[in-house]
Amino acid sequence: QPGSYSVSSLTTVTNALFVSGGVNEAGSLRNIQIKRKGKLIGDFDLYNLILRGDTSADIRLKEGDVIFIPFLDETARTKGFFNNPALFEIKEGETLEDLIFFSGALKVEATNKPKFELSRLGEDGIRLRKAFGINSSILKEKIQDGDYLSVHSLSTAENSMVELKGEFKYPGFYSVSPN
């Protein structure tokens, strides 16, 4: 809910976000900008607070400060046996290991020899798929915008992924069993 708010002198960025109703689905959680007298005084990455409990960048606000939330930029999605599979905003330099961390790590059912599958858009616009295990060097690769990482447990290791494109009500990637 954009607008002007009267808050106490001890209010921080996170307090103001809470009072205003938070960030909507189209807004960036990782590039929240704090402006004072028209100048950028800081960036706030809400992932650091949510995932690490780090409040060191939670700036105390002053009268007239503006909190600007830009639109989402680059994203990657996780699916399968993660504790928190979802769409995540990514920053330059982050790896697939970071994406697994954002997803809350693996569920217990998938910790014994999990099978990962990475779907990535190639330069020619065609999706490429790579399957790999937990100790693969692929996990050190940088995340790219549009990456899709899924993980299967041993009981679902034979499942495959299919992509529905076009005029489907719910296009996207789906796990299918043999036959």
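Some observations on this one:
- 29 Å Cα-Cα threshold exceeded, pairs from 142/165; 37/91; 62/142; 113/169; 140/169; 107/130: 62/142; 113/169; 140/169
- Once the chain from residue 126 to residue 6 is taken as fully extended at 0.36 nm per residue, the excess over their C-alpha distance is 38.1 nm.
- The candidate values are [x] 1, 8, 16, 21, 21, 18, 11, 3, 1, 0; [y] 1, 7, 14, 17, 16, 12, 10, 9, 7, 4, 2, 0, 0; [z] 1, 5, 7, 9, 11, 11, 10, 7, 6, 6, 6, 6, 5, 4, 2, 2, 1, 1, 0; the one derived from this structure for P(r) over Cα pairs in 5 Å bins from 0, in percent carries the label [y].
- The value of relative contact order for the stretch 43-129, using C-alpha pairs under 8 Å at least six residues apart, is 18 percent.
- Here the sum of -39500 (n - 2.57) over DSSP H runs of 4 or more residues, divided by the residues of the chain, equals -3000 deg cm²/dmol at 222 nm, to the nearest 500.
- Spin-label zone in the stretch 77-117 - amide nitrogen under 16 Å from a point set 7 Å from the Cα of residue 50 along the C-beta vector: 77-79, 83-91, 98-105
- Virtual spin-label span in nm between residue 105 and residue 91, 7 Å along Cα→Cβ: 2.3
We did not get these values from a lab; they are worked out from the coordinates using the rules stated. Because the structure is a prediction, the values reported are computed rather than measured. Counting neighbours? That spans all protein chains shown, and the Cβs are built from the backbone with ideal geometry, glycine included.
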